[in-house]
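Below you'll find the structure, written out as structure tokens, and then a few comments.
We did not get these values from a lab; they are worked out from the coordinates using the rules stated. Keep in mind the model is a prediction, meaning the values are calculated, not measured.
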Amino acid sequence: MRHSTIQIAVRTALCAILLGPAGSAPADEVSEPKSVAEELLDILRAAGTINDTQYRDLQTRARAEEAERIDAAVQAAVAGAQAAVDNAVETASLAAVSAAPAANSAACR
């Protein structure tokens, strides 16, 4: 029972760290800075190097690629966090198991 309590506490803390202050501000109040790719596309469109259709297509692709990179980073972070939780639970379990015989032998004396 104690192991599951530790595991829940660690997972809750990791979720809070990973998610941060989600939902703390309305979406319309948050202004996200443009990526370098979006800034370059703005410059190319303003200079007349690309037309509006090319701009929209490239912007869509750039955002999709950025979303894929973010998704991969989040998945890697979650996998790393899960490995850390599993390691912490295993370490706590081993510590509890190794402490139990010492407590039992002291009680038998």
>> Quick one: 3J(HN,Hα) in Hz for the stretch 65-81, Karplus 6.51/-1.76/1.60 with θ = phi - 60°, rounded, Gly and Pro as x.
In response: 5, 5, 5, 5, 5, 5, 4, 5, 5, 5, 4, 5, 5, 5, 5, x, 5
> Any idea what Rg and Dmax come out to for the stretch 35-74 if you just take the C-alpha atoms, in Å?
Replying inline: 11.4, 37
